[in-house]
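Below: one structure, written as structure tokens.
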Amino acid sequence: MREGQFIKHNLSRWEDFQQPTEDPDEVARRFTYLVDDLSYAKTFYPYGNTVKYINGIAANIYLSIYKNKKEKKHRLITFWTRELPLVVRRRHRLLLFTFLFFFAFVLLGVLSAYADPSFIRSVLGDTYVDMTERNIANGDPFGVYKEGNSTAMFLNIAFNNIRVAFMCYSLGIFAGVGTLYFLFTNGLMFGAFEYMFFHHNVGFQSILVVFIHGTLELSAIVIAGSAGLTIGNSLLFPGTYSRLQSLKHAARDSIKIIVSLVPVFVVAAFFEGFITRHTGMPLWLSLTILVASGGFIAWYFVIYPIRVSRKFPLIHEEPLH
């Protein structure tokens, strides 16, 4: 049977299966049919969109069964160990795109500052650049991190970082353009920021100091950007779903990703408020924090989701878009 005939023959039934039901026997019947259809589609149309479409419906039924289990005590644990990693895995391609997009504009910021030193002031502002240059001249290039009370600094930074992440995410509703612009401007700013220190021969020191909190902070912004682009992508490419259905799927996944970033931003703010100010810390300690932060991001948002998706292959694929 041709793929088109297979779809035409079963489409009405698949659409019926997407309607909610409270009858456990009906849920079981639907799930059994879908598993059979999925096996058939994977055998005869392994590279077609039909596989993804059926898998998406089966995944929703599987999750509805899972959610109805009496596991409320372990709900928080399973969210972090299974549910969220599977969501992240479904959005890995967007996460990779977001990282490459942001990194490209970081490089552009570096090259622009190299070609025209006045670019740094146009991006970061005269006040900040003048203050930094005074600190460098006084032998304390990162003195800005030593100002103020540590606790107040921690709370202000945590609140601001979470606000910025939600802004980056919410701008995705404008077909992803707002999120891309946010990543574009922040990439340029960070590139110019780092070039300023390398231009004054304290670049390596800036990595050891700034990236104590910056590793988590920048990674979280990129991940928040991928959540925003998830929203934009659902509106631009709804696939076989209506735009409203596609948006609901994307919103459900993306808000989970954003929630997962709150503790990351809190830890980053703690580092910036209490740790970064100790600019003379031993090299081994600074490197340990950098490696541990980068390792955590790579493990939890890249490696671990792949492992979980292999363990639960039925529910890791993206809905058809």
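The values are calculated or read from the model by the stated rules, or taken from the named source; none is laboratory data. Source: prediction; values computed, not measured. Don't worry about glycine lacking a Cβ; one is built from the backbone with ideal geometry, like all the others, and counts go over all protein chains shown. When the accessible area is computed, the model is the full protein with side chains, heavy atoms only, and any ligands, DNA or RNA have been set aside. Shrake-Rupley method; radii C 1.70, N 1.55, O 1.52, S 1.80 Å.
Assorted remarks:
- Residue pairs whose Cβ atoms lie under 8 Å apart, sitting 6 or more positions apart in sequence or on different chains, and linking a residue in the range 217-245 that is of a type in the set (K, R) to a partner that is outside any loop (DSSP other than H, G, I, E, B) and surrounded by 20 or more Cβ atoms within 10 Å (Cβ to Cβ), are R243/S234.
- Filter result (touching a residue at least 40 places away in the same chain (Cβ under 8 Å) and more than 10 Å from Y195 (Cβ to Cβ)) within the range 107-122: L107, L108
- Scanning the range 16-35 for residues that are open to solvent by 90 Å² or more (accessible area, probe 1.4 Å) and either of a type in the set (D, E) or in a helix (DSSP H, G or I) (or both) yields D16, E22, P24, D25, R29, Y33.
- Test result for Y195, farther than 17 Å from S254 by Cβ and either open to solvent by 60 Å² or more (accessible area, probe 1.4 Å) or not in a helix (DSSP H, G or I) (or both): no
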